[in-house]
């Protein structure tokens with residue numbers, strides 16, 4: 001049956017069928033072949049639509065699209081530049097943090113490269129950063145924010161793996177910051193070799209930029225403080241509440257107050273574009289949940305585990321194999337499809353080797369984040385090639401140094417669980 005399913009999958013892919021059609025047909029075929037009523041798949045669709053946390057995906061996605069289509073990118077870049085521009089490699093660090101901020105809200109790194117690439121690329125070249133370095137920075141930096149709340153991939157991973165999303169939000173903060181720091185050190189060293197002139201720190205510019213970005217700065221605090229509380233402030237929001245409040249807040253600020261997005265002319269188009277992405281995610285997710293049920297019923301993960309145990313006897317070796325596998329998945333599949341298809345298979349196997357599910361989530365997403373810019377078919381490479389009008393091979397070369405650094409960081413994130421779980425332990429949150 002598994003062999004027939006694989007053959008069916010290959011045939012459907014070769015004829016160009018959409019991913020949700022491929023997954024749904026395989027699920028229906030598998031259930032029919034073992035005599036289980038086909039409404040088992042439809043039941044999973046209903047169960048998905050009744051999950052309250054599902055609302056966070058469209059709400060956070062439209063929030064990110066509204067930010068990207070307004071003048072928020074310029075204001076955020078100005079704030080970060082005022083705060084960090086004086087450091088060696090300051091402009092490169094500004095690019096990294098800015099990309100991380102917008103990827104956290106859009107979830108799709110391609111949006112970040114398109115929205116910020118045209119703004120940051122010419123500035124980097126003007127400040128004497130090499131073209132190759134600038135291209136590699138923006139290509140790999142386009143996916144940096146996937147570990148930060150309110151990243152849609154984090155939410156989706158929580159839904160698929162049945163892991164607490166609030167805990168995942170906290171767990172991703174330190175690894176995400178670590179990735180930015182390690183890339184910042186590299187960028188600083190390269191800036192010194194390029195003889196890039198350092199910008200002087202200006203307190204007046206800091207206050208002026210913060211004032212100009214009054215509408216965007218509160219967003220991360222609304223999410224973090226609203227969900228977890230801070231000091232005497234008690235947590236009041238669920239993740240769904242935070243998503244609704246953020247979407248309403250950005251709508252009021254960008255559309256009604258700043259009026260950078262036309263209510264009648266531009267807003268409907270932005271909502272349509274964002275909901276096309278959301279619709280694709282939900283359709284694939286609903287189809288995949290039905291297939292996941294079959295895989296669980298047939299004990300496919302346990303059979304894979306039994307096979308792996310013949311050759312892999314330690315947690316250390318399992319994590320090595322897992323990282324290699326996920327890097328391949330990350331450069332071949334989009335992150336949403338990878339989460340939906342792969343997570344149900346690897347979760348029980350990882351648990352059997354003693355990998356904490358929250359730590360597994362951070363490892364998983366870090367791998368896919370790196371996979372976005374991994375040759376030969378990482379999606380960021382093609383988006384950057386289109387955005388900057390450069391040959392794809394030049395993007396391969398430009399991204400390579402950054403990928404090596406990210407892979408070293410991945411090893412540390414993988415083998416130092418405290419980096420993922422430390423903040424939860426520090427806040428004494430039971431997980």
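Coordinate-derived values only; no laboratory data. Since we're looking at a predicted model, the values are computed, not measured. Cβ atoms come from the backbone with ideal geometry, glycine included; neighbour counts cover every protein chain shown.
Details
- Here the spin labels are modelled as points 7 Å beyond Cα on the Cα-Cβ line, and at residue 252 and residue 275 they lie 2.3 nm apart.
- Extension reserve of the residue 217-residue 181 stretch, reckoned as 0.36 nm per residue once the Cα distance is removed: 10.9 nm
- The simple spin-label model puts a point 7 Å past each Cα toward its Cβ; for residue 32 and residue 382 those points are separated by 3.1 nm.
- Residue 123/residue 352 FRET efficiency (R0 60 Å; Cβ-Cβ; nearest 0.05): 0.75
- Relative contact order of the range 38-426, defined on C-alpha pairs under 8 angstrom at six or more residues apart (%): 26 percent
- Listing 241, 166 from fewest to most neighbouring C-beta atoms within 10 Å gives 241, 166.
- With neighbours defined as other Cβ atoms within 10 Å of a residue's Cβ, the residues 198, 259 order from fewest to most as 259, 198.
- Distance between the range 331-381 and the range 156-234 - C-alpha centres, whole angstrom: 23 Å
- Going from the fewest other Cβ atoms within 10 Å to the most, the residues 366, 103 appear in the order 366, 103.
- The range 81-129 and the range 262-278: distance between their alpha carbon centers, rounded to Å: 25 Å
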